[in-house]
1. Give me the percent of accessible area attributable to carbon and sulfur for the protein assembly as shown, probe 1.4 angstrom.
2. Using unit Cβ charges (K, R positive; D, E negative) and no other charged atoms, how large, in debye to the nearest 20, is the dipole of the range C:50-138 about its Cα centre?
3. How far apart, in nanometres, would the label points at B:ASP138 and B:GLU28 be if each is projected 7 angstrom from Cα along the Cα-to-Cβ direction?
4. In Å², rounded to the nearest 100, what is the total accessible surface buried by chains A and C against each other with a 1.4 Å probe?
5. Straight-line reach only, C-alpha to C-alpha below 20 angstrom: list the lysines that C:LYS14 could link to, leaving out same-chain residues fewer than 8 apart.
6. With a 1.4 Å probe and all protein chains left in place, how much accessible area per residue does the range A:5-138 have, in Å²?
7. Please give the FRET efficiency for C:THR113 paired with B:LEU17, using the beta carbon to beta carbon distance and R0 = 35 Å, rounded to the nearest 0.05.
8. Give the average, rounded to an integer, of partner chain Cβ atoms located within 10 angstrom of each Cβ in B:110-117.
Amino acid sequence: MVSHSTIRIRTRGKGTLEITGEVRRAIEQSGIRDGIVTVFVRHTSASLVIMENADPSARRDLEMFFDKLVPENTPWFSHTLEGPDDMPSHIRMALTRTSETIPIHDGRMTLGTWQGIFLFEHRSSPHQREISLTVIGD
Amino acid sequence: MVSHSTIRIRTRGKGTLEITGEVRRAIEQSGIRDGIVTVFVRHTSASLVIMENADPSARRDLEMFFDKLVPENTPWFSHTLEGPDDMPSHIRMALTRTSETIPIHDGRMTLGTWQGIFLFEHRSSPHQREISLTVIGD
Amino acid sequence: MVSHSTIRIRTRGKGTLEITGEVRRAIEQSGIRDGIVTVFVRHTSASLVIMENADPSARRDLEMFFDKLVPENTPWFSHTLEGPDDMPSHIRMALTRTSETIPIHDGRMTLGTWQGIFLFEHRSSPHQREISLTVIGD
């Protein structure tokens, strides 16, 4: 069995947004009890990360690290027409993930206790984002 | 249904090479209309990235960023027998992706408008590369 | 067909640990000859990387690179309650992978000659780790 769905989300600029609940809902609605779910971001300036969902300070440090690793004012960037935050966004996306595949066992993802699925918005301004989900299994 | 195929590609040294068309062709030939495709690079000094396919300057900046983040002349590298570009290649691979899984809906990948699938060659000299594709679904 | 299993592994602190044999065994026990295997780490301070399994010096350089890229004594980290190695662990995890999906053709993963699957432990002290495996196919 194959079940498709789409998460549509409005970001508020740079940062991580938890989507674990939305993915869980799509799995429940699929009726599939055993298999995998593929989570796929349809953008090149936003990405995915499966991160600790308990203490928000861990996510703030993570976001800050990527800000510093790929600075907006990098002098040698040539792709700057779409704004100073565009090229850093593509690189931060490439350093994290576009797709994640997660096992589903007895109707539940096998996420660890502290794992949450997050959309990682890299642009400074709010954006409308789409995440494709496909559940495959029995 | 499961359908396997292999993309064989000759790179021209360091850089990103679009393989979206080859992946699309494999999906068409599989006859599978709904499911997922797994794209898997069979090497540790080349990798994958799903990147903007419109403006080549974005890809040049991406490639340059990885060149600078993992410099060839890093003095403390011990794994140097295979040349100065070998160890940086492994690290740039680890920082990007070996596998990507992409949903297929109604016979088409759910790639966003600007997303292309790229092989990212990290070695300086041309290499023969193999990418395994598996399409699963109905 | 869908087949689930779990790899439980005790790490000895920071470093890469090969799990290719364990994944291979799970595929054999599933009886599935054609499809994919999803390897999923259930933690946010350990990750996956598919790396050269021939010369251990390549893995030592890889580990050292991540140590230097995300230093333990980063002064601006705010998430420090769980020790100086905790926040660097989350970031090193985000820079590598949580899930990998690998094609299975005629009962074998299509890994390249030099590719091994490694658990990447980022914490300094030994940890009990769990890796979920799901094999899907015919």
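The values are calculated or read from the model by the stated rules, or taken from the named source; none is laboratory data. Keep in mind that what you see is a predicted model, and the values were worked out from it rather than measured. Cβ: placed from backbone, ideal geometry, glycine included. Neighbour counts: every protein chain shown. To get the accessible areas, we keep the full protein, side chains included, count just its heavy atoms, and leave off ligands, DNA and RNA. Shrake-Rupley method; radii C 1.70, N 1.55, O 1.52, S 1.80 Å.
1. Carbon plus sulfur share of accessible area: 47 percent.
2. The calculation lands at about 60 debye.
3. About 2.4 nm, to one decimal.
4. Counting both chains, the buried surface is close to 2600 Å².
5. Filter leaves C:LYS68.
6. 38
7. 0.95
8. Averaged over the peptide's residues, the number is 5.
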